[in-house]
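Student: Encoded as structure tokens, here's the structure I'll be asking about.
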Amino acid sequence: MRGSKLLPNNTAFEILTRSPEETRSLGAALGKHAHAGAVILLTGELGSGKTCLTQGILAGLGSKESARSPTFVLATQYPGRLTLYHLDLYRLERVTEMEDIGLDEYLFGDGVCVVEWAEKAAALFPGERLEVRIQRLGESERRLVLSAHGPRHAALLKAVRDAVEAHGRTPLQGD
Ligand SMILES: Nc1ncnc2c1ncn2[C@@H]1O[C@H](COP(=O)(O)OP(=O)(O)O)[C@@H](O)[C@H]1O
Ligand SMILES: [Mg+2]
């Protein structure tokens with residue numbers, strides 16, 4: 001990972017990864033520091049790395065399971081230090097489809113909720129959240145912009161940023 005760049009307001013930063021392993025490692029830092037009730041909204045085109053980041057989050061929560069995109073069921077649940085609720089809205093056609101899945105438990109419960117294609121139901125998500133925008137720069141290069149809303153997610157962002165900066169001194173794979 002490199003290019004960790006703090007944006008002016010201290011609640012957002014940008015990072016470049018150069019392999020799926022680096023993206024998973026960033027996810028692992030997110031999972032390790034996530035609090036109960038964390039909401040992590042992922043946006044980025046198909047193949048940008050949303051599921052890859054989620055796999056890291058799951059590992060960081062201490063799970064041995066491997067996250068796959070729950071494309072046909074909207075939501076999958078994984079046990080860990082905190083329960084991970086993994087939502088993928090790629091195939092969502094109407095926001096009303098979300099009414100039946102018990103979204104409040106995912107968003108306001110004691111777990112961590114990670115949502116791929118969050119922009120498809122933007123209005124349903126709480127104001128307090130961490131947004132991760134992933135952009136494909138090349139075959140194996142990605143730009144991730146993390147921005148926090150609310151104090152708890154800002155603290156999560158800071159913990160992740162500190163972990164990334166510590167990794168800078170202990171090179172990650174590929175550095
Ligand atoms: N730096 C990187 N970060 C994440 N994925 C990467 C990276 N470089 C290459 N890839 C590849 O990009 C693809 C990302 O797929 P996936 O995580 O399923 O995307 P999404 O869920 O956004 O559709 C995987 O095949 C992964 O191996
Ligand atoms: Mg995916």
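The values are calculated or read from the model by the stated rules, or taken from the named source; none is laboratory data. What you see is a predicted model, and the numbers here were worked out from it, not measured in a lab. Neighbour counts run over all protein chains shown; Cβ positions are idealised from the backbone, glycine included.
Student: Within region 54-76, can you find the residues that are out of contact with any helix residue (DSSP H, G or I) (no Cβ under 8 Å at 6 or more places or on another chain), assigned to a loop (DSSP other than H, G, I, E, B) and hydroxyl-bearing (Ser, Thr, Tyr)?
Tutor: Ser63, Thr71
Results for (1) assigned to a helix (DSSP H, G or I); (2) modelled with pLDDT of 95 or more; (3) among the charged types (D, E, K, R), shown as yes or no for each residue.
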residue	(1), (2), (3)
Lys5	no, no, yes
Asn10	no, no, no
Arg24	yes, yes, yes
Ala29	yes, yes, no
Cys52	yes, yes, no
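Student: Restricting attention to region 65-119, which residues are modelled with pLDDT of 90 or more, of a type in the set (D, E, K, R) and over 18 Å from Thr43 (Cα atoms)?
Tutor: Across region 65-119, the qualifying residues are Arg81, Asp110.
Student: Follow-up question, since we're still on this one. So if I check each of Arg94, Arg129, Arg133, which one is within 12 Å of ligand 1 (Cβ to nearest atom) and not β-branched (Val, Ile, Thr)?
Tutor: Arg133
Student: What's the total number of residues in region 37-83 that are within 13 Å of ligand 2 (Cβ to nearest atom), touching a strand residue (DSSP E or B) at 6+ places or on another chain (Cβ under 9 Å) and of a type in the set (S, T, N, Q)?
Tutor: Going through region 37-83 one residue at a time, the tally reaches 7.
Student: Scan region 78-100 residue by residue and report those that are within 24 Å of Gly56 (Cβ to Cβ) and not in a loop (DSSP other than H, G, I, E, B).
Tutor: Of everything in region 78-100, those that are within 24 Å of Gly56 (Cβ to Cβ) and not in a loop (DSSP other than H, G, I, E, B) turn out to be Tyr78, Leu84, Tyr85, His86, Leu87, Asp88.
Student: Let me spell it out: the conditions are (1) among the small types (Gly, Ala, Ser); (2) buried (at least 18 other Cβ atoms within 10 Å of the Cβ); (3) over 22 Å from Ala59 (Cβ atoms), and Ala122 meets all of them except one. Which number is the exception?
Tutor: So Ala122 meets the others, but not (2).
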